[in-house]
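The values are calculated or read from the model by the stated rules, or taken from the named source; none is laboratory data. Here the structure is a predicted model, which means the values were calculated and not measured. We place every Cβ from the backbone using ideal geometry, glycine too, and count neighbours over all the protein chains shown. Note: accessible area is taken over every heavy atom of the protein model, side chains too, but ligands, DNA and RNA are not part of it. Shrake-Rupley method; radii C 1.70, N 1.55, O 1.52, S 1.80 Å.
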Amino acid sequence: MRRRAALVATIAAGLGPLVPGLPASLHVSRLAHASAGTGQDTWPGNVGDTVDDPTRQPDTGAASRTPTAIRLGRLSIGARVTELGMDSSGGWQLPDDGVGWYWFTATPGTLGNAVMVGHFDTWWGGDGPLARLHEARVGDRIDLDVTMRTASPGDDAPDGTGEAVEVTETLTYAVATSRLVDRTDVSPTAPTDDERLTLVTCAGWWSFTLNDYTMRRVVTALRTT
């Protein structure tokens, strides 16, 4: 896989001086990114990620809500949602697959800005879970499954058994905006006073100099039900 990535990177880089008008920064697969040997990128920047989140607080056993799946029906997007944090250098982790929700942003179903990210493409050159996010239109429906885990132990469980109980509900959002921002712009993650869902994926051109895409596609959606 790494050999194939290196080959793609070499061919893409060589096309620049051969094809008139072809930009130096090419919109190519993250295969080329893999060939650089940096591991997965984080957002913003490319500092590598880890499975450990040093900022994550321990589970206290209190009731919690966690997003587990997301669907954008008109775009045929459907993905599981996992929880993400930060790595030891302060980079925002990215999911290996599916869509990731940053636990330190708002929890879906509560006031604030719930921020989620997903890849535009894959290491092997296929589409990522948010490859079609740029096609989102104002008013498009987004369904988000959120699982509630009840408090435990003891009699806190609503069924009286003393065991934690999980209940899943579906929250509905409507797309409000879709825009491009610079790869280092984290302003779309700022807290808000409404129930907002913000989806982020890569966009623009692939830059070998930056070892990253040059832009980010940001779609915001507001809670409807």
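Please work out which one of (1) open to solvent by 60 Å² or more (accessible area, probe 1.4 Å); (2) outside any strand (DSSP E or B); (3) modelled with pLDDT of 95 or more is the condition Gly139 fails and give its number.
Going through (1) open to solvent by 60 Å² or more (accessible area, probe 1.4 Å); (2) outside any strand (DSSP E or B); (3) modelled with pLDDT of 95 or more one by one, Gly139 breaks only (1).
Between a residue in segment 171-186 that is on the phi < 0 side of the Ramachandran plot and surrounded by 13 or more Cβ atoms within 10 Å (Cβ to Cβ) and any residue that is of a type in the set (Phe, Trp, Tyr) and part of a strand (DSSP E or B), which pairs come within a Cβ distance under 9 Å, given they are 6 or more apart or on different chains?
That search, which allows pairs on different chains as well, returns Arg183/Trp43; Arg183/Tyr213; Val186/Trp43; Val186/Trp92.
Of Gly112, Gly90, which residue is out of contact with any Leu (no Cβ under 7 Å at 6 or more places or on another chain) and over 19 Å from Tyr173 (Cα atoms)?
Testing whether each residue is out of contact with any Leu (no Cβ under 7 Å at 6 or more places or on another chain) and over 19 Å from Tyr173 (Cα atoms) leaves just Gly90.
Go through segment 115-134 and give me each residue that's assigned to a strand (DSSP E or B) and touching a residue at least 12 places away in the same chain (Cβ under 8 Å).
Val115, Met116, Val117, Gly118, Asp121
Here is a list of conditions, (1) among the polar types (S, T, N, Q); (2) open to solvent by 40 Å² or more (accessible area, probe 1.4 Å); (3) at pLDDT below 95, and Thr150 meets all of them except one; can you say which number that is?
For Thr150, the failing item is (2).
Go through segment 182-225 residue by residue and tally those that are within 15 Å of the chain's Cα centre (by Cα) and small (Gly, Ala, Ser).
Number of matching residues: 2.
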